[in-house]
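In what follows, a single structure is set out as structure tokens and then discussed.
The values are calculated or read from the model by the stated rules, or taken from the named source; none is laboratory data. This is a predicted model, so every value here is computed, not measured. Using ideal geometry, Cβ is built from the backbone for each residue, glycine included, and neighbour counts are taken over all protein chains shown. The area values use the complete protein model at the heavy-atom level, side chains included, leaving out ligands, DNA and RNA. Shrake-Rupley method; radii C 1.70, N 1.55, O 1.52, S 1.80 Å.
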Amino acid sequence: MRLFEATHVFKHDWDTVSLANWRKYPNDKTPHVRHVEVLNQEIDPETGILRTERLIMVKQNVPTLLKKLFGGDASYVLEYSEVDPRQKSMVMQSQNMTFSNILSVGEHILYQPDPDNLSHTQFVQSAQLKASTALCRFANKVEDMCWNRFKDNAQVGKLGLEQVVSKILAERQAVVMAQVAE
Amino acid sequence: MESISKECTPLKQEYDACFTKWYSEKFLQGEKTNDCAELFKQYQTCLKKALKEKGLTKMIADARPAIGSVYKDDLLDADKDKAQQQRESNKP
């Protein structure tokens, strides 16, 4: 089993970062994410919490060993999230569906205001990768390769989000300038 | 972004645009009403048909417990209900 943990602070407020999360795809940093479908989405009428279930389809080049084991380079991930606009928290849990009998990848993500600076956003990511023992001598190698790929994807994922945040800020700036010009 | 089913792409894009506007202008300000409900219904109807055709429905249902999803798949339930009805009608 491999564990992955990362924390990061986005120097933007939680409202902006949480919006960027919904607008994240497509972006040129994460071309491996090909489709994002919303399966279910609703607001709890009492708490105001937004619950969402999404289906994500990923396709990227993988080492030949993985391609042979998985039978291809495309996979589906299921994600469930809850966003609390009063507490300013966004929690996401996802799990791979394709070839889950061979490898299980579970990821947990939290976005909340940075306790050290409430106008910034703390991002906490953790993941668990476990290869099936049925892979025998390949299990460790498969976990290593997948962990490395996960780490790379996590890095470009952050860059992708930053890019979307910049876009949102530029749009807001354009609106302000247009209002001033009137 | 395109949908997994080309047919659903315009519905998906319309819903996504409505959702991100609503999220930014209403949801984050504490509003609980869902402005995009009608668009979502249309997109979801198309999508569920596509998921069934691609054989993804069971895979989705199986993955739900691992992520703590509150949702049940009504397509899968609809299939189960149909099978149950058939069994009932086949009883002597």
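Brief remarks follow.
- Within the range A:13-30, being open to solvent by 30 Å² or more (accessible area, probe 1.4 Å), over 13 Å from A:Gly157 (Cα atoms) and touching a strand residue (DSSP E or B) at 6+ places or on another chain (Cβ under 6 Å) holds for one residue alone: A:Asp13.
- Of all residues in the range B:7-20 being more than 13 Å from A:Val36 (Cα to Cα) and of a type outside the set (Asp, Glu), the one that is most open to solvent (accessible area, probe 1.4 Å): B:Pro10
- Checking each residue in the range A:109-146 for being free of Cβ contacts under 8 Å to residues at least 60 places away in the same chain and part of a helix (DSSP H, G or I) picks out A:Thr133, A:Ala134, A:Cys136, A:Arg137, A:Ala139, A:Asn140.
- Condition met for A:Glu46 (open to solvent by 30 Å² or more (accessible area, probe 1.4 Å) and at the interface with chain B (Cβ under 9 Å from one of its Cβ atoms)): yes
- Within the range B:10-48, tally of residues that are under 18 Å from A:Trp22 (Cβ atoms) and either within 7 Å of chain A (Cβ to nearest Cβ) or assigned to a helix (DSSP H, G or I) (or both): 27
- If the condition is being at the interface with chain B (Cβ under 7 Å from one of its Cβ atoms) and in contact with a His (Cβ under 9 Å, 6 or more places away or on another chain), then the range A:1-43 contributes only A:Tyr25.
- Checking A:Asn148 against (1) open to solvent by less than 70 Å² (accessible area, probe 1.4 Å); (2) under 18 Å from A:Thr64 (Cβ atoms); (3) not aliphatic (A, V, I, L, M), the condition it does not meet: (1)
- So A:Glu53, is it of a type in the set (Asp, Glu), in contact with a Ser or Thr (Cβ under 6 Å, 6 or more places away or on another chain) and more than 13 Å from every other protein chain (Cβ to nearest Cβ): no
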